[in-house]
Amino acid sequence: MEWEIVIGLETHTQLSTASKIFSSSSTQFGAAPNTQASAVDMALPGTLPVLNRGAVERAIRLGLAIGATVANRSVFARKNYFYPDLPKNYQISQFELPIVIGGSLSFFVGDKEHTINLTRAHLEEDAGKSLHEHFIGPHGESSSGIDLNRAGTPLLEIVTEPELRSAAEAVAYARTLHGLVVWLGICDGNMQEGSFRCDANVSVRPKGQAEFGTRCEIKNLNSFRFMERAIQYEVRRQIELIEDGGTVVQETRLYDSDRDETRSMRSKEDSDDYRYFPDPDLPPLIVSPEWIESVRATMPELPAQKRARFAQDLGLSGYDAAQLTTHRDVSDYFEAVAAALPADQSKQAANWILGELSAALNRDELDIGQSPVGPANLAALISRIIDGTISNKIARDVFAAMWAGEHAGDPDAVIEARGLRQISDTGAIGAMIDEVLAANPATVEEYRAGKQKAFNSLVGQVMKAARGKANPQQVNALLKEKLGA
């Protein structure tokens, strides 16, 4: 039987406010346990929540960026359930009337563009954290601890429609969303610290069936690699279970990266189980059109807008433009390089950034802001290819030297110190060609007999004689001329 995968993602984005969503406690990461938990965060009697304006404005920014409706009136509700790290025994969230409704996000899987519709994005508070570190009690027993520093941290939960059809699509969407929230400045995107984490709702159904299968939710995926593996495992598990005559049970599961498998955590609740009702301590949130427009005025150029500009003004392909706008730092780097080059060389700049530079960054696990080769020096290197000083092949060697810090990353200094300047003297190249032709008469005859590989062999011999420094275009042209004669 052929199966269709159905995936919907819920992404918890920690908003970049200095204080929590309903209190003035700090949101700074890494403080000692329970040093950033106020009476409001601990739900002590007599405390009242006060909404953080900055959290609302960050939600508005996302709504504008994804083309969603920003609700003029939204409501906070109490989501009732017991967790040891949630002192109130309820979470303040939004349910029936969220602040952001609808919207969509486009992303690439390979060179194919996809668009997914979003259901909503709503504001809520985070819970605390249980620390299972085997604390030693007074009688030598082990125990767990509760850290409430994270309780009350502002979250924007972004929910997709169940329109993703593979683990690759889910990861590509999550990467694009991650880039967008960082681009907008509403989240620092630090997945190791839990600032951006996803829950994946996964189900399978026979191909052609309209009805959805039973879904399982994989919680707290804070790595794109783990997300892909977790979804792939869960899909295999569900298909094998059904094909063996079993039934998928709706539940919440965790991904164990050591065993590369998902395992059951608890039965999955439905919305009715949470007994939502409007929070009596918080009035409805009213967002005026003027407030929305004031936020719109502060918005940066969005990735989609920049992609269109790169394609239209700089002649880049849709795929290249998309790759260069996944992150704002990458986009800024590219624009700095392109601005230092002739207008028709933007493709050359894109190739170097998406090729040699990206490979070096990935190898050394660096962000582009940490690149040892800055945009000015990369532009200078590309300029030496354009003006014929060095070939593309030699440029890769120069780049490696720049990356290693030789001559402070100055390409001209590297070229001179290593004697890598390209030979463009016609007489010198002609003399080398004559020597190669005299030394390889059999290969010359093969070429004249119509074997193209023989020509390539002769080019290789000339480049070897020139130690790779001869201008390849001149070598090809002069060689053809001499063979023709």
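Which condition from (1) among the hydroxyl-bearing types (Ser, Thr, Tyr); (2) within 21 Å of Val100 (Cβ to Cβ); (3) without any contact (Cβ under 8 Å) to a residue 12 or more places away in the chain is the one that Ser143 breaks?
Among (1) among the hydroxyl-bearing types (Ser, Thr, Tyr); (2) within 21 Å of Val100 (Cβ to Cβ); (3) without any contact (Cβ under 8 Å) to a residue 12 or more places away in the chain, Ser143 violates only (2).
Does Gly128 qualify as being touching a strand residue (DSSP E or B) at 6+ places or on another chain (Cβ under 7 Å), crowded, with 19+ Cβ neighbours inside 10 Å and in contact (Cβ under 8 Å) with a residue 60 or more places away in the chain?
Considered against the rule, which asks whether it is touching a strand residue (DSSP E or B) at 6+ places or on another chain (Cβ under 7 Å), crowded, with 19+ Cβ neighbours inside 10 Å and in contact (Cβ under 8 Å) with a residue 60 or more places away in the chain, Gly128 comes out as yes.
Select, from Ala417, Ala428, Ala379, Ala413, the only residue that is in contact with a strand residue (DSSP E or B) (Cβ under 9 Å, 6 or more places away or on another chain) and assigned to a helix (DSSP H, G or I).
The conditions single out Ala428.
All but one of (1) modelled with pLDDT under 95; (2) part of a strand (DSSP E or B); (3) of a type outside the set (A, V, I, L, M); (4) closer than 30 Å to Asp281 by Cα hold for Glu96, so report the exception by its number.
Only one criterion is unmet by Glu96, namely (2).
Identify all residues within segment 231-268 that are within 24 Å of the chain's Cα centre (by Cα) and surrounded by 14 or more Cβ atoms within 10 Å (Cβ to Cβ); write none if there are none.
Those that are within 24 Å of the chain's Cα centre (by Cα) and surrounded by 14 or more Cβ atoms within 10 Å (Cβ to Cβ): Ile231, Gln232, Tyr233, Glu234, Val235, Leu254, Tyr255, Glu261, Thr262.
Going through segment 382-410 one residue at a time, which ones are of a type in the set (D, E, K, R), more than 23 Å from Ala343 (Cβ to Cβ) and assigned to a loop (DSSP other than H, G, I, E, B)?
Passing the criteria: only Asp410.
Return a yes/no flag: does segment 421-439 have any residue that is more than 20 Å from Asp329 (Cβ to Cβ) and among the basic types (Lys, Arg).
Scanning segment 421-439 turns up at least one residue that is more than 20 Å from Asp329 (Cβ to Cβ) and among the basic types (Lys, Arg).
Can you give me the number of residues within segment 259-301 that are of a type in the set (A, V, I, L, M, F, W, C), at pLDDT 95 or above and either under 26 Å from Met227 (Cβ atoms) or not in a strand (DSSP E or B) (or both)?
7
Test of understanding: among Ala77, Ala37, which residue is of a type outside the set (S, T, N, Q), in a strand (DSSP E or B) and surrounded by 20 or more Cβ atoms within 10 Å (Cβ to Cβ)?
Result of the check over Ala77, Ala37: Ala77.
The values are calculated or read from the model by the stated rules, or taken from the named source; none is laboratory data. Please read all numbers here as calculations on a predicted model, not as lab measurements. As a convention, Cβ positions derive from the backbone with ideal geometry for all residues, glycine included, and neighbour counts pool all protein chains shown.
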